[in-house]
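A short reminder: the numbers here are calculations on the coordinates, not readings from a lab. Since we're looking at a predicted model, the values are computed, not measured. Backbone-built Cβ (ideal geometry, glycine too); neighbour counts: all protein chains shown.
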Amino acid sequence: MFACLHLRFTVVDHKKLTKLASFFPEGKPLYAVGGYVRDRLLGMECHDVDVCAELTVDEVKQALKHTDFVVSDKNLRVGTVDISGRGLSVEYTTFRTDSYPDGSGTHTPSEVTFTDDIKVDALRRDFGINAIYLDIVNDEIVDPLGRVDDVKNRIIKTADDPDRVFSADGHRILRMVRFACELGFEIDKDTFASAQKYASQVKDLTVERIYQELDRIFVADTRHPELNLTDAHHRGLKLLDQLGLMEELFPAVNALKGLEQNPKYHLYDAYQHTLEAFKSSKPNVRWATLLHDIGKRPCQDKYGNTYVHASVGADMAKDILAYYKMPKQKAKRVYDLVFNHMVNINRNMSKAKLDWFVAEHAGIASDLADLIDADTYGAMGSYPEENFVRETLNQLIEEKAPLSVKDLPVTGRDLIDMGVEDRDRGMMLYELWRECIMNPALRTREKALQYIAKRSGK
């Protein structure tokens, strides 16, 4: 019927799960399923645990009624609840099969039928690597579809017919990309061909769900450091492109294809440059790196110049990130990085002006330096000999220069004591901060007070 394998788990996880499973009726065991089992088969730690059984939600509540585990409703329509207690938090789902509206791709089943057949439950899952179960009490792997070999062979195949899997739920296409990148798995040829066919289903997903998957794909290289998948995030972009999804998800980036650039400063067209920059970028600037040059296409003049592309691109990036509902603080940071990524590109800023720019942008300066590194590498295949932003930031830190008004040797209280009017205090402190950056002699309390006294006439 299905294969059973013995597998040892870490003591802590096994004890917690076993305790929960011990409350389930005999003959109706609790199973761990999905990523937890897959990652354990790979010998990797997994912190998220999904569990399932044939018990309905009401039966689960009854089984755990007099225990210290708490059952919280989550999505009763699909038989899902959260179970927590004893330091354990899991999502429970009743065995089921799903039906989707034809060609909807919406990730929302139109009909749910609960079942006591584990194989039926396995077939409704996305990929074979996620359709492997652990009988927790007996400490045995249960493989109803015979997919343990998919994990061993490091390959992603759909659990059922790929056309049925992808036509029903476009979210699975993005998950396929993420799993391939995070795990370093290859994608089965037929599975990938079907995903290409149904790639347009992604547009039917909520933007929040798309953003969540993209955000994880962009840092796929950090998911399992032990695998050393240093180019996993770059592979993610290439897979999205091969699926035809760059045009769907990032038309402004896709529009950079074929946009030639001055060969004196660039080895590639604007699109390939973006991919190369993204490849070399650190996780903290991935979104900014992807979007940093999107202003070049609308800004390019008849001579090939793109002089204002940073500011135009920043406005475009703002709209894109608002569409995907990126958290506002993160989106503002990306905007600022794109807007400023060309700072001192002509090496014409005086030291004093560069000092002030870095101090005024101290909150993003380190990230901006990383973006400039990636941009330069993407252009010429090597990092800049000098990164003015990073060098200036390090110098200001070493000098203990004030990197904000709060770091000044005087405060608003000092200005009050000096009789400076309320309406003038903020402006004077800001001016003092600027002067302290550009004139280090003012960074003592004595000199700062003298400046304020002279400036205010007090």
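Measuring nothing but how far apart in sequence close Cα pairs (under 8 Å, 6+ apart) lie, relative to its length, the chain scores a relative contact order of 9 percent.
Of Q242, T222, N254, which is farthest on the positive side of the dipole of the range 123-262, counting Cα position, with +1 on Lys and Arg Cβ, -1 on Asp and Glu Cβ, and the Cα centre as origin? Among Q242, T222, N254, the one farthest towards the positive end of the dipole of the range 123-262 is N254. Expressed as a whole number of Å, what is the distance separating the alpha-carbon centroids of the range 265-324 and the range 45-93? Between the Cα centre of the range 45-93 and that of the range 265-324, the gap is 45 Å.
Please pull out the direction-averaged projected area of the range 162-249, using the convex hull of its alpha-carbon atoms, in nm² to one decimal place.
On the way: hull surface 20.0 nm².
For the range 162-249, averaging the hull's shadow over all directions gives 5.0 nm².
Pairs exceeding a 32 Å alpha-carbon distance, out of K61/K119; K330/K406; K328/K353; K28/K197; K325/K353: K28/K197; K325/K353.
Judged by the gyration tensor of its Cα atoms, with axes a ≥ b ≥ c, the range 3-153 is oblate; a/c meets the 1.5 cut and b/c is at least as large as a/b. Within the set (i) 1.17; (ii) 1.02; (iii) 1.24, the number that Cα Rg over 2.2 N^0.38 Å takes when calculated for this structure is listed as (iii). About its Cα centre, the range 162-249 has a charge dipole of approximately 140 debye under the convention of +1 per Lys or Arg Cβ and -1 per Asp or Glu Cβ, with nothing else charged. The charge dipole of the chain, taken about its Cα centre with unit charges on the Cβ of Lys, Arg, Asp and Glu (plus for the first two, minus for the last two), comes to roughly 1320 debye.
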